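Rule-based calculations on the coordinates, nothing more; no lab input. No experiment lies behind these values; they were computed from the predicted model shown. Note that we place each Cβ from the backbone using ideal geometry, even for glycine, and neighbour counts take in every protein chain shown.
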Amino acid sequence: MDSPFKDLLRYKLKNLYGGAKTRKDNRLNLGFDYRDSLMQRNLSNHILRNQTMSDFIGFLNDYMYNILSSVKKLKQFKNYTVKKNDTNIR
Amino acid sequence: MYNNLELFKGTDHRLTINRGVDGVWDTAVYLDEVSTGLYESSTIFILESVNYRGDNLLSKPVSESTSLASLEFEWKIDKYESSDLFMYGAKVESGITKIDVKDTQKIDTLDYYTAVGVDPNGLKIVSALDNEAIQINVALNSSDEGRHQRTLLVYSNDGVDKTLIGRIFFYGEVEGEDERLRVLLQNMGAVLDESDFILFKEHDITEMSPDFILLNQKRRELLLELSNIKPFIGTYKAILNAIDFFGYNNLTLKEYWLNVDSDSSSFGKLHAVPVANSSKWGEAVRKTINVEVPSSNLKKTSRFSLVYKLNAPNGEVDEWDIPLVDELFDFTPEEVLIKLYGLKNKLQKEYLPLSARIIDIVGEGDFFAQKNLNIWNNQNAIAFFSEGHDIKFEHYPTKGNLYIEDISLVLRKVYDPDNITSGDYQKFHDILNAYEHDFKNDFTTSQREDLIEAIELFYESYNDDSLETFNEGIPVGCPVILDGTPSFKQSWEDAKFTWNDADPTGIAPIPNGTVQNHSGITWDNWWKTWVYEIEWLVIGDGFTQQFRGPIDDYIKIPTFLPKVGDVSVEMRTYDMFGHRSYDRESSLFNVKLKEVEFYGFYKAIGDGEWSNRSVDSWENTGGIWELPRNNRKAIVDTDASWYIGLDRANYTHDNPAPGQENFSTVYRYDDIYSETGYSETAGPYFWDNCDFEWRYTSELNWESTRIGPDLAASFLIKDISNGSVLTVNYHNQQLNVIQSGSVTITSATPTGPNDILAWQDIADELNDSTDEIISKFVYNIVVQDTNSDGTADTVLYIAGVGKNYSKTNDFDSVSLVPGVVGGEVKQVTYNPTYDEVDIFSEWREVNRSTHITFCTEISKMPGIKLNKWTITNNTYPDKSDIYYDDNVLTYLFKYPGDYTISIEVEDTNGNKNATSKNILKVK
């Protein structure tokens, strides 16, 4: 039987090829990374104990994170010299 | 299990295997980044290290179970797995090979018994090597950009147990369109659509979807390069940068220029000139073209061409020093159609001015050939081998004018035609007969030898001989000798070989077809240089002579040129190598005719008075008493010939027709009814024709009006018998005595007029007489066919006629006893005599009524056969010209005027000549 998350969580995978180019970077003032903790830090662990709820909230987390980080992406929209999914944005 | 498996990612590299504590090995495959919509594939080969004959080699995995075993592949169920990574194979549907996506795969291994044991290193020992790998194809294709991963599990399945033996981790990233770039470009007014992806040089035309990796890169480049293109749209710079932008660095842009120079040979033609800086190659080529653009001779056409190279020199040369080239394969034919035509449209649409067009796409190749200007300085000995011969010939006579001559005068130099017994007569006429055969005279060898000698002697004494000739229709021609001897060096010093070179001991055929034991060269023939025949070709106006024969006989030949004018001569030699050599000399001879001359004469007795003559003594006068004339011209100085022109017997002519009577002469004819046995025509002087006045006849006497030949003495014996005595008295004028001669007939008396034999016997007896007087005459019987049966049957008389027209053969009286003799006519001289003739070659004034004879025998022109005389009265032009065709012109001039006498003549060979004289005045 296929996994229920099949093809759903691919976006969470880390970029291995691009990471090789920036792994030595030492960038400052990039702000706190809420990528994996925005919802988890604002919700009770009680809610998160349910695996199904935890997985669902994980999707919500990502959604909210994207909303928050889109402000940063506006800056890079006109900066075509960087990748469009570059995260090193203040 | 399967501890010795080896995995390979295609042919790129061996995959590193990490074996875990659970006995399962792990490895990872990282796929190259790929654009959304495109495929990135990887082929995994699985082999096993085995011991084959002591060597560690790779083999298809060998089952580790005695049962039929296989390797099974299936994807691991994982939270992060991406189904966009998949296994695939191939399937054929309706004859078309298609991709077959597989969720699992099961591939058999080699039979367990393939291995005969295990070596100390744990490698299976095989007796036969099967190195066919187990192949797994994995591809990544996704419409979602981002990361994709999936793990492939490898199982060993022998039908009983299914055992996990390994895991293969696949990871790939997919890049999608960077929308930022498209928007930014659009903001700047530039467009690089997804559909433009096929234009890029780097793009693989076999891809079915846009390559966003390439497109994103190109859009970034365009953003950077746009400042060099956008402001310069419509310029060379824009289009050149655009071409470079699309990656076509090796593409040359050429512009067509129209030649408008009407004086140029290329007028109206197009010149393709590389646009400068389009590429290094284009600039290099442009420099080599000697075309200056722009110029007044070349007009801009706004037509361009895209030129790509098919090959390029690789710097190496072959054994002939011809540069080698490598095929560039920049563009396949499909790429030309898709990319270059797409680029052409893109450039025209967005980068070229409106009027400019790219009219063609050209593939150019460099192909080298060797074009050498080789100069050899060979040290080999060069021998000149001249085919044929250098023909030279001489001719004789070499100088002086050449004339048509009387050939008999030439032949008389070696032959005496009057000597019948010596054979000269026959030789003389044989040559003449040979020559008269269409002038293509080819003589025998002996005739040629005689003629060569004759011609040489003829010209040696040419100025000493009189060369007098006057005969109609005689053979005439210009004698010459052609000598081909200069073509052949006959002195031994001229021989460019030694006698041993001639190989006189060899074996070779000789010209007569036999074989003899030497090379054919002898002391007598070496100079011939293998020439066996000589041909002479003599070409003049209206004739061609051709002589060909053996070299010995024809190296020097005589010939007679029959016609006047320029004559060309060609000498040809034929040798045994098949060569014909020749030399032709045009206008070698120029043959002329000798002048035609004529004179006139007439009888004139003067005024008949000796008192009007200034004669110092009677002994010095040339006249006789009856003719009081004093001819002081020496006979040797007389132009006329006594035996031709002055003897009218040569040109008797009787034509009493109106208008022709003045040409007539006295003509004698047989007349049995005449007392004398003959009668005569009147000649020009008869009553009705003498319409001149009496006073103009002062220089005529009765004898001079008889225009005819001399009259011989004659008498007729009409009856004679045996015993008759014929007595002839002769007046010897030198002794001034009468001498008598007689003969007595002893022959039988004729029985009658029909006894022809008896009459003939008597005539013979008279002819046989030895009497000095009797033998001055010749005696002939005159017979008549009285019954008209065609046979003479009746004797009329015996005619006795003086043997010559002179007083020597005259008689004073004749008697016959018994018998009858009659019809006595004494000799009378009617031809002009020295005492009375007046001969003139220049102007002369005469009385009307003067009969004048014009003759041409003094001409040196030989062989005159046709004369055409013309008498023109210049004083009275209304008098028509008078024409007369004969050798001698005799005419009674009755009318006054200044006369021109003209003559046109033609010789035996048809050569024509003419002369004219204002020679006469009739007062």
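The charge dipole of chain B, taken about the Cα centre with unit charges on the Cβ atoms of Lys, Arg (+1) and Asp, Glu (-1), comes to about 3720 debye, rounded to the nearest 20.
The tail of the calculated P(r) for the range B:13-136, taken as Cα-Cα distances beyond 26 Å, holds 35 percent of the pairs.
Close amide H contacts of B:Ser156 (hydrogens built in the peptide plane, cut-off under 5 Å, sequence separation of 5 or more or a different chain): B:Glu72, B:Thr163, B:Leu164, B:Ile165. Report the relative contact order of the range B:691-791, percent, no decimals, based on alpha-carbon pairs under 8 angstrom and at least 6 residues apart. It comes to 19 percent, rounded to a whole number. Dipole magnitude for the range B:346-441: computed about the Cα centre from +1 point charges on Lys and Arg Cβ and -1 point charges on Asp and Glu Cβ, it is near 760 debye. Taking a ≥ b ≥ c as the square roots of the eigenvalues of the Cα gyration tensor, an a/c ratio of 1.5 or more together with a/b larger than b/c marks the range B:363-465 as prolate. Pairs exceeding 32 Å between alpha-carbon atoms, taken from B:Lys563/B:Lys921; B:Lys98/B:Lys339; A:Lys21/B:Lys60; B:Lys879/B:Lys912; A:Lys6/B:Lys9; A:Lys21/B:Lys349: B:Lys563/B:Lys921; A:Lys21/B:Lys60; A:Lys21/B:Lys349.
Rg over Rh for chain B works out to 1.49, both radii taken from alpha-carbon positions and Rh defined as the Kirkwood radius. Under the convention that each Lys and Arg Cβ holds +1 and each Asp and Glu Cβ holds -1, the size of the dipole of the protein assembly as shown around its Cα centre is about 10400 debye. For B:Asp326, neighbours were defined as the other residues whose beta-carbon sits under 12 Å from its Cβ, and their charges (Lys and Arg +1, Asp and Glu -1) total -3.
Candidates A:Asn45, B:Leu68, B:Ser815 compared by Cα position along the dipole of the protein assembly as shown: farthest toward the positive end lies A:Asn45, with charges placed on Cβ.
Amide H contacts of B:Glu364 (H built 1.01 Å from N, in plane; Pro and chain starts excluded): B:Tyr308, B:Lys309, B:Leu310 sit under 5 Å, all sequence-distant by 5 or more or on other chains. In the protein assembly as shown, Rg over Rh equals 1.51, where Rg is the alpha-carbon radius of gyration and Rh the Kirkwood radius from pairwise Cα distances.
The phi torsions of the range B:107-113, fed into the Karplus equation with coefficients 6.51, -1.76 and 1.60 and a -60° offset, translate into couplings of 10, 5, 9, 6, 4, 3, 7 Hz, rounded to whole numbers, with Gly and Pro shown as x. Here the 3J(HN,Hα) profile of the range B:672-681, calculated from phi with Karplus coefficients 6.51, -1.76 and 1.60 at θ = phi - 60°, is 5, 8, 8, 4, 8, x, 8, 9, 10, 6 Hz, Gly and Pro shown as x.
When the Cα convex hull of chain A is projected onto planes of every orientation, the mean area is 7.7 nm². For the range B:201-230 versus the range B:722-797, the spacing of their alpha-carbon centroids is 152 Å. Bridge orientation summary for the protein assembly as shown: considering DSSP beta bridges with both residues in this region, about 90 percent are antiparallel. Principal axis extents of the C-alpha atoms in the range B:113-253 (largest first, rounded to whole Å): 78, 33, 26. The local environment of B:Asp12, defined by Cβ-Cβ distances under 15 Å, has a net charge of -1 under the rule Lys, Arg +1 and Asp, Glu -1.
Inter-part distance, the range B:476-494 to the range B:89-139, computed on C-alpha centroids, equals 106 Å. A cut-off of 5 Å between modelled amide H atoms, ignoring neighbours fewer than 5 places along the same chain, links B:Ser83 with A:Asp7. Centroid-to-centroid, using Cα positions, the range A:22-67 and the range B:154-174 are 34 Å apart. With contributions of -39500 (n - 2.57) from each DSSP H run of at least four residues, the per-residue ellipticity at 222 nm computed over chain B stands at -3500 deg cm²/dmol. When the protein assembly as shown is described by a simple charge dipole with +1 on each Lys and Arg Cβ and -1 on each Asp and Glu Cβ, the residue from B:Ser841, B:Ile404, B:Phe470 located farthest towards its positive end is B:Ile404.
Computed 3J(HN,Hα) for the range B:817-833, one whole-Hz value per residue from the Karplus formula 6.51 cos²θ - 1.76 cosθ + 1.60 where θ = phi - 60°, is 9, x, x, 10, 10, x, x, 6, 10, 8, 5, 10, 8, 9, 5, x, 10, glycine and proline marked x.
Quick check: net charge around B:Gly23, other residues with Cβ under 14 Å of its Cβ, Lys/Arg +1 and Asp/Glu -1? Around B:Gly23, the charge tally is -2.
Inter-chain neighbour count for A:77-86: the average number of beta-carbon atoms from partner chains within 10 Å of each residue's beta-carbon is 4. Peptide B:77-84 shows a mean partner chain C-beta count of 6 within 10 Å per residue C-beta.
When a/c is below 1.5 the answer is rounded, else prolate if a/b is larger than b/c, else oblate, so apply that to the range B:664-770 with a ≥ b ≥ c taken from the square roots of the Cα gyration tensor eigenvalues. It comes out oblate by the Cα gyration axes.
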